[in-house]
Amino acid sequence: MKTLGIETSCDETAIAVYDSERGIIGESIYSQIKMHAEYGGVVPELASRDHCLKIITVLEEALGDIDLNSIDQVAYTSGPGLLGALLIGESFAQGLSMALDVPLIPINHLEGHLMSPVMEFPEINVPYISLLVSGGHSMIVDVKERGDYEILGQSHDDAVGEAFDKVGKLLGLPYPGGPFIEKIARDGNPKAYDFPRPMIHSDNLDLSFSGLKTSVLYTVRNIVDLNDQIKADIAASFQQAVIDVLSKKIQKSVELTGREEVIIAGGVAANKALRDAIKKLENILNIKVYYPHMKYCGDNAAMIAFVGSLRSDDKISIEASSVRARWPLNELSK
Ligand code: KG4
Ligand code: ZN
């Protein structure tokens, strides 16, 4: 069975085809990031327009030699995300579903991030712990089975990626700050600045990053000559604070649940220093840590097509389809 997946929840226009026997057989992703970088963040109106402009080309690239008529069902990200951006993917999915006369399946974007490791690593079995760290979300989730997700802890203020992006801005780095912070941090001393590790000792698994960001702000304000070495030291010290908090929380979540497998997903999972630090927990905690392929850390359609293939029973009529800015994981069907 072939499932075509469509992802347009933020600033990536992506389409992929998942074949139940062969896995992903076609995929294409177009990132709008350069356009938004000029404004220092994603501009929702521009995102919607650009999805409109690019989606047909992305479909053609994803299909390659695959015959569109061989598609058995169409899955699309129905939320959470930017409403205008989601609407483009939804309308496109509705059109395809109608033209091909195949089922239409709404997919939760977060479930895509949480479940896609099963597609990438067949040896993984639920239950496992997933650390989902992106520009919009920071959460530690106990993935019990498909549709059954317990959020063990989450950020109540900034998401990790958001904190990286804001600190990037303070250091005069381009948007999005995450990859640039990681780059300059390689030349910095992670012990140069003693930034706070918010909630590291709290007895729950919740997270908070706005205080850390504010601490960087005050530090930067007091520096007269913010030269490249100082920037590198601040970046390295900030990154280390984030890594320390996330490592500790992963440790606590494993101790609490007894899970033996941990997956790090979302855009921030591309951070090599974070990957290395969490990998080191393997021996200490006797767990196995998995990372998505770099191309599947950030937003992509392969995860939507894959979850679509698992959720054939959730098909809806074109009239019943909708998009939602918010769609909490605990509202998913099992
Ligand atoms: O998952 P994603 O592509 O989009 C959503 O937010 O849904 O994540 C983007 C976020 C941005 O905040 C970006 O700065 C961050 O992931 N990011 C990184 C790195 N690469 C991307 N943060 C830290 N280190 C990186 N190498
Ligand atoms: Zn995402």
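Just give me the residues in segment 94-115 being surrounded by fewer than 24 Cβ atoms within 10 Å (Cβ to Cβ) and closer than 18 Å to ILE151 by Cα, in sequence order.
Across segment 94-115, the qualifying residue is only GLU111.
Please pick out the residue among GLY81, GLY89, GLY112, GLY161 that is within 16 Å of ligand 2 (Cβ to nearest atom) and in contact with a Cys (Cβ under 8 Å, 6 or more places away or on another chain).
Of GLY81, GLY89, GLY112, GLY161, the one residue that is within 16 Å of ligand 2 (Cβ to nearest atom) and in contact with a Cys (Cβ under 8 Å, 6 or more places away or on another chain) is GLY81.
Output the number of residues of segment 303-334 satisfying the condition of being open to solvent by less than 60 Å² (accessible area, probe 1.4 Å), among the charged types (D, E, K, R) and closer than 21 Å to GLY84 by Cα.
Of the residues in segment 303-334, 0 are open to solvent by less than 60 Å² (accessible area, probe 1.4 Å), among the charged types (D, E, K, R) and closer than 21 Å to GLY84 by Cα.
Being over 19 Å from SER116 (Cβ atoms) and within 15 Å of ligand 2 (Cβ to nearest atom) is the filter; apply it to segment 127-158 and report the residue that is surrounded by the most Cβ atoms within 10 Å (Cβ to Cβ).
SER155
Starting from segment 9-38, take each residue that is surrounded by fewer than 15 Cβ atoms within 10 Å (Cβ to Cβ) and list its partners that are part of a helix (DSSP H, G or I), counting only C-beta distances under 6 angstrom and pairs at least six apart or across chains.
Filtered contacts from segment 9-38: SER20/SER309.
Does GLY178 meet the test of being within 10 Å of ligand 1 (Cβ to nearest atom) and not in a helix (DSSP H, G or I)?
No; evaluated as a whole, the condition is false for this residue.
Identify, please: which residue in segment 252-284 is of a type in the set (S, T, N, Q) and over 22 Å from the mean Cα position of the chain (by Cα) and is, among those, surrounded by the most Cβ atoms within 10 Å (Cβ to Cβ)?
That would be THR257.
Can you find a residue that is at pLDDT 95 or above and within 28 Å of VAL254 (Cβ to Cβ) anywhere in segment 51-60?
No, segment 51-60 has no match at all.
Given the conditions (1) in a strand (DSSP E or B); (2) more than 16 Å from ligand 2 (Cβ to nearest atom); (3) not charged (D, E, K, R), which single one is not true for GLY172?
Evaluating GLY172 over (1) in a strand (DSSP E or B); (2) more than 16 Å from ligand 2 (Cβ to nearest atom); (3) not charged (D, E, K, R) leaves (1) as the failure.
Could you go through segment 78-93 and let me know if any residue there is part of a loop (DSSP other than H, G, I, E, B), among the small types (Gly, Ala, Ser), more than 16 Å from ligand 1 (Cβ to nearest atom) and open to solvent by less than 20 Å² (accessible area, probe 1.4 Å).
No, every residue in segment 78-93 fails to be part of a loop (DSSP other than H, G, I, E, B), among the small types (Gly, Ala, Ser), more than 16 Å from ligand 1 (Cβ to nearest atom) and open to solvent by less than 20 Å² (accessible area, probe 1.4 Å).
Spot the failing condition for LEU173; the list is (1) more than 14 Å from GLY267 (Cα to Cα); (2) in contact with a strand residue (DSSP E or B) (Cβ under 7 Å, 6 or more places away or on another chain), and only one is missed.
It fails just one condition, (2).
Could you tell me whether segment 197-209 includes any residue that is within 16 Å of ligand 2 (Cβ to nearest atom), modelled with pLDDT of 95 or more, within 28 Å of MET139 (Cβ to Cβ) and open to solvent by less than 30 Å² (accessible area, probe 1.4 Å)?
Looking through segment 197-209, none of the residues is within 16 Å of ligand 2 (Cβ to nearest atom), modelled with pLDDT of 95 or more, within 28 Å of MET139 (Cβ to Cβ) and open to solvent by less than 30 Å² (accessible area, probe 1.4 Å).
From the list ILE151, ILE71, ILE105, exactly one residue is more than 16 Å from ligand 1 (Cβ to nearest atom) and farther than 21 Å from MET1 by Cβ. Which is it?
That would be ILE151, the only listed residue that is more than 16 Å from ligand 1 (Cβ to nearest atom) and farther than 21 Å from MET1 by Cβ.
What number goes with the only condition from (1) open to solvent by less than 50 Å² (accessible area, probe 1.4 Å); (2) within 16 Å of VAL160 (Cβ to Cβ) that GLN240 does not pass?
(1)
Any residue at all in segment 238-257 that is at pLDDT 95 or above and in a loop (DSSP other than H, G, I, E, B)?
No - not one qualifying residue is present in segment 238-257.
Can you tell me which residues in segment 16-53 are away from ligand 2 (no atom under 16 Å from the Cβ), farther than 24 Å from ARG326 by Cβ, of a type in the set (A, V, I, L, M) and not in a helix (DSSP H, G or I)?
Across segment 16-53, the qualifying residues are VAL17, ILE24, ILE25.
Collect the residues in segment 264-301 that are more than 12 Å from ligand 1 (Cβ to nearest atom) and among the aliphatic types (A, V, I, L, M), keeping them in residue-number order.
Hits for segment 264-301 are ALA277, ILE278, LEU281, ILE284, LEU285, ILE287, VAL289, ALA301.
When the residues of segment 108-139 are narrowed to those that are touching a residue at least 24 places away in the same chain (Cβ under 8 Å) and β-branched (Val, Ile, Thr), which ends up nearest to ligand 1 (Cβ to nearest atom)?
Ranking the candidates gives VAL133 first.
The values are calculated or read from the model by the stated rules, or taken from the named source; none is laboratory data. In this text the structure is predicted, and so the values were computed from the model without any measurement. Ideal geometry is used to build each Cβ from the backbone, glycine not excepted, and the neighbour counts take in all protein chains shown. Ligands, DNA and RNA are excluded from the accessible area calculation, which covers all protein heavy atoms including side chains. Shrake-Rupley method; radii C 1.70, N 1.55, O 1.52, S 1.80 Å.
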